[in-house]
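Structure first, then comments.
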Ligand code: FAD
């Protein structure tokens with residue numbers, strides 16, 4: 001099933017994101033998480049892709065296949081392009097097709113300074129158009145309410161986002177943000193320039209100070225004063241920080257749903273406890 005139809009059927013879509021276990025852990029560790037996530041009945045689950053340049057890595061496809069065939073939930077496979085040749089991308093697409101994976105989140109991937117890019121794909125929009133021309137997949141893309149870290153300005157980033165949508169991205173998922181005002185202002189700007197596809201808000205619950213500081217450094221998301229105070233207050237009490245982080249995410253999501261957001265994409269960090277606590281609170285609002 002191509003996930004575009006979900007946005008026609010539902011007022012608000014709820015999706016989860018998981019990542020393949022580290023190479024040092026067994027792939028089985030993800031199955032326990034999936035078993036627990038299954039009971040929360042998300043509309044789809046997306047699986048991240050390592051940007052590392054190892055086209056032989058099949059874990060994203062393997063996990064997406066289990067999500068589809070064992071848990072009967074629609075999967076979305078992330079796919080990055082900047083470190084791959086067209087032949088390598090073709091092999092990954094063939095494998096996704098063999099596993100009946102219909103949905104791809106097409107990404108550029110971060111530029112790894114220790115790898116030279118393969119030069120076939122420079123931007124996600126090129127991958128979107130490549131997959132679209134091959135046919136048979138629903139293609140989604142990423143977007144950035146506060147602008148992508150490499151972009152000269154938010155306006156420039158949105159101009160390139162329009163190219164990605166025009167190339168065939170039928171649905172967008174945002175980078176995490178902690179202040180809904182950036183999302184609302186972004187939404188206004190993208191709708192104004194004619195981007196009409198559904199846009200899911202990416203929400204990452206804060207459960208660990210170091211984790212959030214790392215994420216913010218990587219993606220440039222702003223930390224509002226309320227969240228900053230919370231991080232300081234519970235700095236030395238991880239359990240209390242986790243519960244406060246869950247409450248913070250629930251408040252963000254409740255506000256987004258009340259303002260008619262197309263979907264909520266929860267960055268679960270493979271933590272089914274957090275996903276359950278949040279889903280239980282917000283499911284009745286969807
Ligand atoms: P693009 O859309 O190509 O944009 C990248 C930059 O190039 C932006 O600054 C944009 O403004 C600029 N740009 C775009 N088009 C042009 C153009 N034609 N000319 C000049 N400049 C242009 N990374 C992973 O490695 N694996 C994952 O699984 C993964 N999942 C993600 C999921 C989501 C929802 C999000 C938001 C991000 C994810 N990422 C993942 C991170 C992503 O790979 C990085 O943010 C990456 O740096 C940009 O990817 P993109 O697809 O947004 O790139």
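The values are calculated or read from the model by the stated rules, or taken from the named source; none is laboratory data. A quick note: this is a predicted structure, and the numbers were derived from the prediction, not measured. Neighbour counts run over all protein chains shown; Cβ positions are idealised from the backbone, glycine included.
Of note:
- Counting only residues that are at pLDDT 95 or above and either over 21 Å from residue 264 (Cβ atoms) or touching a strand residue (DSSP E or B) at 6+ places or on another chain (Cβ under 9 Å) (or both), region 198-227 holds 9 of them.
- Region 190-208, residues that are in contact (Cβ under 8 Å) with a residue 40 or more places away in the chain and within 14 Å of the ligand (Cβ to nearest atom): 190, 198, 199, 200, 201, 202, 203, 204
- The single condition among (1) at pLDDT 95 or above; (2) in a helix (DSSP H, G or I) that residue 17 does not meet is (2).
- The single residue among 141, 168, 147 that is modelled with pLDDT of 95 or more, surrounded by fewer than 22 Cβ atoms within 10 Å (Cβ to Cβ) and within 11 Å of the ligand (Cβ to nearest atom) turns out to be 147.
- Any chance residue 156 is free of Cβ contacts under 8 Å to residues at least 60 places away in the same chain, loosely packed, with under 14 Cβ neighbours inside 10 Å and within 8 Å of the ligand (Cβ to nearest atom): yes
- Filter result (within 16 Å of the ligand (Cβ to nearest atom) and under 15 Å from residue 68 (Cβ atoms)) within region 1-22: 3, 15, 16, 18
- Candidate set: region 171-189, residues that are part of a helix (DSSP H, G or I) and within 13 Å of the ligand (Cβ to nearest atom); chosen: the one nearest to residue 257 (Cα to Cα): 183
- In a residue-by-residue description of region 173-192, the property of being exposed (fewer than 14 other Cβ atoms within 10 Å of the Cβ) and closer than 24 Å to residue 44 by Cα applies to no position.
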